Amino acid sequence: MARSRTGRALTTASGLLLAGAVAIGADSASAAVEHQLTVDTTDDTVDADPGDGACADASGSCSLRAAVQEAEASSGAAHISLPAGEYRFTLANTGGDEDAGATGDLDVSTDIRISGFGATIDTDWLDRGFDVAESGNLVLSGLSIINGYAPGGADPVVGSGGAIANAGSTTLQIVSFVGNRAEGPAASGGAILNTGELSVWFSTFDGNRATRAGGAIEANGGTTNIVGSTFVENTTGPEPGNGGAFHLTGEGQVTVSGSTFRGNTATAEGGALWNSASGTMVVANSSIDGNTASGAEADQGGGGVFNDGGTMTISGSTIFGNIADGEAGSGGGVLNNDGTVDIESTDIVGNTSNRAGGGIEANVGTTDLDFVRLEANRTGSAPGNGGGFHITGAGNSDIRNSTVIRNEAAAEGGGLWNGVGTMTVVDTQVSFNTAAGPAADQGGGGLFNAGGTLVVDGGSIDENTATGEAGSGGGILNDQGTLEVTGTEIADNSSVRAGGGIEANVGTTTIDDVNLFRNTTGGSPGNGGGLHITGAGDATVSNSNISFNTAAAEGGGLWNGTGTMVVTDSFLNTNTASGDEADQGGGGLFNAGGTLEVRSTKLFKNVADGASGSGGGILNDQGDLTVEDSNISRNESMRAGGGIEANIGTTTLVEVRLEANSTGAAPGNGGGLHISGAGTADITDGRVFRNSAAKEGGGLWNSATGTLTVSGTDIRKNTAPAGPDVFTVPGGDTTIG
C-alpha cells in the first residue's frame, strides 16, 4: 500500500519546488564552498574507495549511498545532486549497529546537503533513510522518503524514526514522507525521531505510523521548527498511542506555523499534537482539523491537541472537526492536562467529545482564551458537560473578547463549565448554546459553575437554553459556588424548571449593572423568569434592569428561596408570572420563605396573570420582606395584591410609594397591598395613592388574622366597591396613625 503512494509523493514534492525556492536559495551562499557530487544511478551500491575524492562504486557509477559515503569521508561540506527517479534500498543491515552507511540507513556525521529535484528514496522496509549523529548537519530538499522502517525496541529513542533519526541538525525543505513506520513496543516517530535540532519547511507527512508516539514526528527533547507543512493521516499505536502527527517528550522547544494537520489519529491522546510536561509548544496560523484521539479515560482525549502539563500557545489558527471518541474521552479540540495553555485569535469549531469539553477540556491547570471563537462544539452523555469548554477540578481560566455560540452539552454547561477553580469571562458573547440535563440541578445553557468562582464582566449571555425535563438556568446555573456578574446583558434565555436567565442552587450570587431581559422559564414548575435561587442561597442585585421576563408560575423577574436576596437601585419592569394558584404569582419578585430586602428600586407594570395569581409587583410567601425608599406602581394581579401580596410572613415598608396598582376580579382584593392569613405588615412614611381593587381594599387589605400598622403615610384616591382606601376583615388588627 505504501508503494502506491509514490506517485503522490513525487507530485507533492515537485509541485512545491517553486514555492520553496526562497528556502532552498538560502543555502546558495554556502554552495560555492561545498564539495559537489552528482548521483547518476538509482542502484543501491557502496563507494569503492570512500575519501578518494570521487563518488564511484565498483562499476564507476555514483549512487546515493556512494555519494553519502564519499561526503562523509571527505573534508568540508558536501552537496549531493539527486536527479528525479526512485532510489530503492537493497543493502540490508544484517550486522547490527553499522555507522559507515555501507548497509541499511545512510549515516551522516558531517555537513551534507542533498537536493532531490523530485527524487524518491524508497527504503523498502529495510531500514530508515538517514541516521544523523550529534556532529551531523543534514539538509534535504525537493525529495520524498517512503517505506522507511525503524524496528523499535524497549527504548523510545533507540530504534525510532522510520525515515530519519536526528541527533544533530536536520533541515527539510519541500520533503515528502509517505508510509514510514516505527514499530516495536516503544518505537516513536513514524517518519522522524528528533533529539537535536530539526527544521521542517513546506514538507508533507502522509500515512506514517508509530507504535508508541508521534505518528509522523517524535521529538525527544531538542528543538523543532515546522513551517508551512502538512500532516495527513498519520497514526500512533496502542503503547500508549499519543500524538497522532507530532509528539514531544521531555524538555523540548517546538514551534509550528502555517501548517495543516488533518485526519491524524492517536490511540490515546493528542490526535494531531502532544506536548510534554516540561515542553514548550507554540502553534501559529495553522489548521488542525478532523483529527481523532481515542483514549478511554476522563483525562485522555484531545482530538486535536493535548498538553500534558507543559506550556502551549496557540494563535491565529483553526481547530475544526476533531474528535475525542474514547468512552470517557474529553477535549474534542484541545485537552490541557494540568498545564498552561494560551489561545489567541483562534477558531475552535465543530469538535466533539464523549465526556466533557467538546471544544476544550482543562483538567486543572490554567487555560486562557482571547479573541477565540468557540462554535458548534458538543459533548456526549458520559456525563456530557461543557459543550464549548469544560474545566475539571481547581483549574483557572480567563476568557476575553471571545464568542461562545451554538455549543451543546448533554447535561450541563452548553457553552462553558467551571469546576472549583476560578473562571473569568470578560467582554464575551455567549449565545445559542444548549444544555439538556434532565435533573433540577442540571442545565446552564450558557454557563455552569460547579462550586467554583465564576466572574462575568461585560459582554452578553443571550438565547441560551436548558432543555432538560427539569433543566434550570437557561443563561447561567451557579451550583453552590460564587457567581459575580457585572455590566452584562442576559437576555432571551430559557429553561424548563427555573431560572430562565440565572439559576443559583444555594451559593452566592452578585449581580451589578446587568440588563436581565426577556428570559423565560417553562412549567416544571416554572419559577424565576430572570433569576431563581434554590435553597438557602444568597443574592445581591444592584443597579440593574430586570424587564420583560416571564415565569410560568412564580417570580417573573426574581425568585428568592430560603436565603437572603437584596435588591438595590434597580428597575423591575413588565415582568410576568402566570401561576394559577392563590399563593403563586409575584410578577416582579417572589420570596419563598427567605429574606427579601428591596431598596431604592422601582417596580413598574409587572403582572401576576394566572387565574388566581397574586402579587403583581411582589409576593412575599411566608418570608421576611423589607422595602425601603422604593416605587411600586402600575403592577397588576388577578386575585389580590396588585402591588404586594403578603401571604403570612412579615412585611415592612419604609418610604415606599404604592401607586396605581390594581387587582382583577378573582376576587379582586388589595389593590396596593393584600395580607393573607396571619401576616404582619408595617408601613411607615409612605404613600398609597390611586390603587384600585375589583372588590375590596383599593389601597390596603388586611385579613381576619392579620396585623396591619400604618404611620406617617398618605393614603388617598384609591378605589374599590368596599373600603376604597383600607379594608379590614372583621377580626383583623389594623392601626392607622
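In segment 604-625, is there at least one residue being more than 21 Å from Ala666 (Cβ to Cβ) and hydroxyl-bearing (Ser, Thr, Tyr)?
Checked segment 604-625: no residue is more than 21 Å from Ala666 (Cβ to Cβ) and hydroxyl-bearing (Ser, Thr, Tyr).
Do we have any residue at all in segment 453-460 that's under 15 Å from Ala356 (Cα atoms) and either in contact with an Asp or Glu (Cβ under 6 Å, 6 or more places away or on another chain) or assigned to a strand (DSSP E or B) (or both)?
no
Return the residue satisfying two criteria in turn: it lies in segment 178-212 and is in a loop (DSSP other than H, G, I, E, B) and of a type in the set (A, V, I, L, M, F, W, C), and of such residues it is surrounded by the fewest Cβ atoms within 10 Å (Cβ to Cβ).
The selected residue is Ala186.
Give the residues of segment 301-330 that are touching a Ser or Thr at 6+ places or on another chain (Cβ under 6 Å) and part of a strand (DSSP E or B), sorted by residue number.
Gly301, Thr311, Ile314, Ser315, Thr318, Ile323, Ala324, Ser330 - these are the residues of segment 301-330 that are touching a Ser or Thr at 6+ places or on another chain (Cβ under 6 Å) and part of a strand (DSSP E or B).
Are there helices (runs of 4 or more DSSP H) fully within segment 2-118 with at least 3 residues that are modelled with pLDDT under 95? List them.
6-15, 21-25, 28-31
Among the listed residues Leu625, Leu700, identify the single one that is of a type outside the set (Asp, Glu) and under 24 Å from Thr562 (Cα atoms).
Selected residue: Leu625, the only one of Leu625, Leu700 that is of a type outside the set (Asp, Glu) and under 24 Å from Thr562 (Cα atoms).
Which numbered condition in (1) assigned by the TED database to the domain that holds Glu197; (2) assigned to a strand (DSSP E or B); (3) under 23 Å from Arg355 (Cα atoms) is the only one that Phe261 fails?
(3)
Go through segment 463-515 and tell me which strands (runs of 3 or more DSSP E), entirely inside it, have 2 or more residues that are more than 20 Å from Thr453 (Cβ to Cβ).
Answer list for segment 463-515: 489-491.
If you scan segment 562-583, which residues turn out to be within 24 Å of Ala640 (Cα to Cα) and of a type in the set (Gly, Ala, Ser)?
Ala577, Ser578, Gly579, Ala582 - these are the residues of segment 562-583 that are within 24 Å of Ala640 (Cα to Cα) and of a type in the set (Gly, Ala, Ser).
Give all pairs with beta carbons closer than 7 Å in which a residue from segment 213-232 that is more than 24 Å from Ala133 (Cα to Cα) and surrounded by fewer than 24 Cβ atoms within 10 Å (Cβ to Cβ) meets a residue that is basic (Lys, Arg) and at pLDDT 95 or above; count only pairs at least 6 apart in sequence or on separate chains.
Cβ pairs passing all conditions: Val232/Arg262.
So, of the residues in segment 87-126 that are free of Cβ contacts under 8 Å to residues at least 60 places away in the same chain and of a type in the set (Val, Ile, Thr), which turns out to be surrounded by the fewest Cβ atoms within 10 Å (Cβ to Cβ)?
It comes out as Thr94.
Output the residues belonging to segment 674-697 that are in a loop (DSSP other than H, G, I, E, B) and under 55 Å from the mean Cα position of the chain (by Cα).
Gly677, Ala678, Gly679, Asp685, Gly686, Arg690, Asn691, Ala693, Ala694
Can you tell me which residue among Thr652, Thr564 is over 15 Å from Leu531 (Cα atoms) and surrounded by fewer than 24 Cβ atoms within 10 Å (Cβ to Cβ)?
Just one listed residue meets the conditions, Thr652.
For Leu140, which of the numbered conditions (1) assigned to a loop (DSSP other than H, G, I, E, B); (2) without any contact (Cβ under 8 Å) to a residue 60 or more places away in the chain fails to hold?
(1)
Output the residues belonging to segment 356-406 that are farther than 17 Å from Gly459 by Cα, in contact with a Lys or Arg (Cβ under 8 Å, 6 or more places away or on another chain) and outside any strand (DSSP E or B).
Passing the criteria: Gly358, Ala376, Gly380, Ala382, Pro383, Gly384, Gly387.
The values are calculated or read from the model by the stated rules, or taken from the named source; none is laboratory data. These numbers come from a predicted model, not from an experiment. Quick reminder, even Gly has a Cβ in these numbers, built from the backbone with ideal geometry, and neighbours come from all protein chains shown.
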